[in-house]
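Heads up, the thing below is written out as structure tokens.
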């Protein structure tokens, strides 16, 4: 690929219908799931009015969070990416094309930065290849949790495995991944994408929000009625 094609490929990871949207959706659904699981007892009574409905909602959210987060780190048993659009692949792509994407000369030329005193130079922090190595190390540090997440996705959430169903309790006592560890994987993916994009062309993303006040207000109104 020539330089323009490499840049286009890099930006494809940020397409609204691809990786960045996957991250936002995974985090929003995780926060709703966490909110529902941490409701105070009086508000749980409200949900129990339609217990079957909310049971299905919680089950659907749990499944979606596991599958959505798995898409961000879709790897095989050798920790190799199984799909094109995921965090391991973008780091691999960045490492292989670092000079084209992030060398000082190319970044300044791409963004019309004249000198270190140019105001745009502060807005677009330069990267060193060592940052990519550190981020690859972060993936390595989270490898076992990613493997565990992939295991549950493949054996229970995306597919049904007879051996898993028969030995579910025993397996779950050995292979453990907590909700907050799934959240950490989502946030890690978000922070990685954010840091590379701002060093590419100065584009910065606000942390994706999940406004739960409207639902909290609804529960408060219903609580008064009870």
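Please verify whether residue 65 is assigned to a helix (DSSP H, G or I), closer than 27 Å to residue 177 by Cα and within 15 Å of the chain's Cα centre (by Cα), treating the condition exactly as stated. Before the answer, list the steps.
On the way: assigned to a helix (DSSP H, G or I): yes; closer than 27 Å to residue 177 by Cα: yes; within 15 Å of the chain's Cα centre (by Cα): yes.
It is true that residue 65 is assigned to a helix (DSSP H, G or I), closer than 27 Å to residue 177 by Cα and within 15 Å of the chain's Cα centre (by Cα).
Of the conditions (1) over 14 Å from the mean Cα position of the chain (by Cα); (2) in contact (Cβ under 8 Å) with a residue 24 or more places away in the chain; (3) crowded, with 17+ Cβ neighbours inside 10 Å, residue 81 fails just one. Which one is it?
Single failed check for residue 81: (2).
Are any of the residues in region 35-53 without any contact (Cβ under 8 Å) to a residue 60 or more places away in the chain, surrounded by fewer than 18 Cβ atoms within 10 Å (Cβ to Cβ), within 24 Å of the chain's Cα centre (by Cα) and assigned to a helix (DSSP H, G or I)?
Yes, because at least one residue in region 35-53 is without any contact (Cβ under 8 Å) to a residue 60 or more places away in the chain, surrounded by fewer than 18 Cβ atoms within 10 Å (Cβ to Cβ), within 24 Å of the chain's Cα centre (by Cα) and assigned to a helix (DSSP H, G or I).
For residue 188, work out the one condition from (1) over 23 Å from residue 34 (Cα atoms); (2) modelled with pLDDT of 90 or more; (3) assigned to a helix (DSSP H, G or I); (4) in contact with a helix residue (DSSP H, G or I) (Cβ under 7 Å, 6 or more places away or on another chain) it doesn't fulfil.
With (1) over 23 Å from residue 34 (Cα atoms); (2) modelled with pLDDT of 90 or more; (3) assigned to a helix (DSSP H, G or I); (4) in contact with a helix residue (DSSP H, G or I) (Cβ under 7 Å, 6 or more places away or on another chain) applied to residue 188, the lone miss is (1).
How do the helices (runs of 4 or more DSSP H) wholly within region 79-169 filter down when requiring 1 or more residues that are within 13 Å of residue 200 (Cα to Cα): which remain?
Numbers: elements: 87-96, 98-102, 104-110, 119-123, 129-141, 143-152, 162-166.
Of the helices (runs of 4 or more DSSP H) lying wholly inside region 79-169, those with at least 1 residues that are within 13 Å of residue 200 (Cα to Cα) span 87-96, 98-102, 104-110, 119-123.
The values are calculated or read from the model by the stated rules, or taken from the named source; none is laboratory data. The shown structure was predicted, so the numbers you read here are calculated from the model rather than taken from an experiment. No Cβ is skipped: glycine too gets one built from the backbone with ideal geometry, and neighbour counts run over all protein chains shown.
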